[in-house]
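To keep things clear, I will list the structure first and then write my remarks on it.
The values are calculated or read from the model by the stated rules, or taken from the named source; none is laboratory data. Since the model is a prediction, treat every value here as computed from it, not as a measurement. Positions of Cβ are backbone-derived with ideal geometry, glycine not excepted, and every protein chain shown enters the neighbour counts.
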Amino acid sequence: MLILYVAYCSFILPSDVEDKKEVKLTYEVPQLDLPDHIEFAGEQVPLEDPDVRERLDRELHVNTFWHSNTIFLLKRGHRWLPDIKRIISGYGIPADIQYLAVIESDLLNVVSPSNAVGFWQLLKDTAIEYGLEVNKEVDERYDPLKSTEAACKYLVKAHGKFGNWTNAAASYNIGMRGLQKGFDKQGVTSYYDLLLGEETKRYVFRAIAVKSIFEHPGDYGFLLDEHSLYEKEKMEVVVIDHSISNLADFAADQRINYKILKRHNPWLRKNKLTVRNGKIYKILIPVKKTKTTANTSDKQVQVLDTAKQ
């Protein structure tokens with residue numbers, strides 16, 4: 001499917017200026033052949049539609065030849081997608097839906113111009129509606145796994161409304177109301193039949209393209225060694241049931257630094273954590289060689305093994 005390409009260049013050196021030699025640059029760029037049949041979330045993509053073929057063709061080429069970005073998607077995906085897939089499966093959602101997180105955020109805790117946050121790019125009101133805590137000190141949209149839970153709740157609801165996962169996936173970009181408005185206005189019931197704005201028009205096809213590359217990276221020229229992929233780190237859970245006045249001091253008590261604490265718990269948004277009566281939080285810290293019950297000045301922690309969670 002893919003042929004390696006070589007760039008041939010001859011450059012003008014200072015001594016050659018008087019000869020007025022031309023710079024010659026030749027690229028041999030391969031084309032990608034579309035499959036005859038492809039499914040997304042168990043639903044056939046209608047490749048017999050020329051518009052559908054062109055839209056998928058575009059996204060496959062864009063994501064294949066955007067080499068550096070796609071390489072890092074594969075690296076991060078090795079770390080995060082197994083857990084995301086596990087959560088999705090628990091909601092009865094097809095595994096292919098995991099790739100929405102990839103196209104939403106590149107598996108990074110980014111913030112959009114509209115203040116959508118995290119792997120699943122959740123707006124504040126939506127996050128709260130689907131069970132996440134969002135305030136000045138705690139923003140669970142930054143927790144990759146808790147935000148996956150919220151996204152799943154949305155997607156299950158969207159599937160119930162629209163009847164298939166392709167439409168549910170499209171609604172994740174445009175909203176259930178926006179998608180329904182399009183259906184009503186244009187008299188159709190399938191994402192593939194809608195005339196849409198550029199972002200939503202590309203949305204599901206980006207997910208399909210990323211799925212294809214993740215499942216068959218070698219077919220698209222991505223030959224990554226296993227050791228170059230990012231691994232899931234072994235963590236312990238510290239259960240917090242009392243307020244912490246200074247998280248940097250708390251990190252030191254755990255024999256880590258503040259940077260490491262925030263790396264594994266980006267949902268902590270301030271240098272303190274207020275815990276109301278009856279509330280608990282679970283903070284992740286890297287597994288230590290010798291496990292001990294933490295002894296901090298606030299006396300609020302219990303160390304648990306994540307394997308037992």
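Conditions tested, residue by residue: (1) closer than 19 Å to Glu104 by Cα; (2) among the small types (Gly, Ala, Ser); (3) in contact with a helix residue (DSSP H, G or I) (Cβ under 7 Å, 6 or more places away or on another chain); (4) modelled with pLDDT under 95.
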residue: Leu34; (1), (2), (3), (4): no, no, yes, yes
residue: Val45; (1), (2), (3), (4): no, no, yes, no
residue: Pro50; (1), (2), (3), (4): no, no, no, no
residue: Arg55; (1), (2), (3), (4): yes, no, yes, no
residue: Thr64; (1), (2), (3), (4): yes, no, yes, yes
residue: His78; (1), (2), (3), (4): yes, no, no, no
residue: Pro82; (1), (2), (3), (4): yes, no, no, no
residue: Gly92; (1), (2), (3), (4): no, yes, no, no
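Go through (1) in contact with a Gly (Cβ under 8 Å, 6 or more places away or on another chain); (2) in a loop (DSSP other than H, G, I, E, B) one by one and return the number of the condition Val102 breaks. Of (1) in contact with a Gly (Cβ under 8 Å, 6 or more places away or on another chain); (2) in a loop (DSSP other than H, G, I, E, B), only one is false for Val102: (2).
Evaluate the following for Leu122: is it touching a residue at least 24 places away in the same chain (Cβ under 8 Å), assigned by TED's automatic domain parsing to the domain that holds Leu155 and surrounded by fewer than 16 Cβ atoms within 10 Å (Cβ to Cβ)? No, not satisfied. For Gly131, the stated conditions do not hold, so it cannot be described as small (Gly, Ala, Ser), under 22 Å from Asn167 (Cβ atoms) and surrounded by fewer than 16 Cβ atoms within 10 Å (Cβ to Cβ). Restricting attention to region 80-95, does a residue exist that is over 23 Å from Arg269 (Cβ atoms), assigned by TED's automatic domain parsing to the domain that holds Tyr191, surrounded by 22 or more Cβ atoms within 10 Å (Cβ to Cβ) and free of Cβ contacts under 8 Å to residues at least 60 places away in the same chain? Scanning region 80-95, I find no residue that is over 23 Å from Arg269 (Cβ atoms), assigned by TED's automatic domain parsing to the domain that holds Tyr191, surrounded by 22 or more Cβ atoms within 10 Å (Cβ to Cβ) and free of Cβ contacts under 8 Å to residues at least 60 places away in the same chain, so the answer is no. Residue pairs whose Cβ atoms lie under 7 Å apart, sitting 6 or more positions apart in sequence or on different chains, and linking a residue in region 33-60 that is in contact (Cβ under 8 Å) with a residue 24 or more places away in the chain and surrounded by 14 or more Cβ atoms within 10 Å (Cβ to Cβ) to a partner that is in a strand (DSSP E or B) and of a type outside the set (Val, Ile, Thr), are Val45/Glu39.
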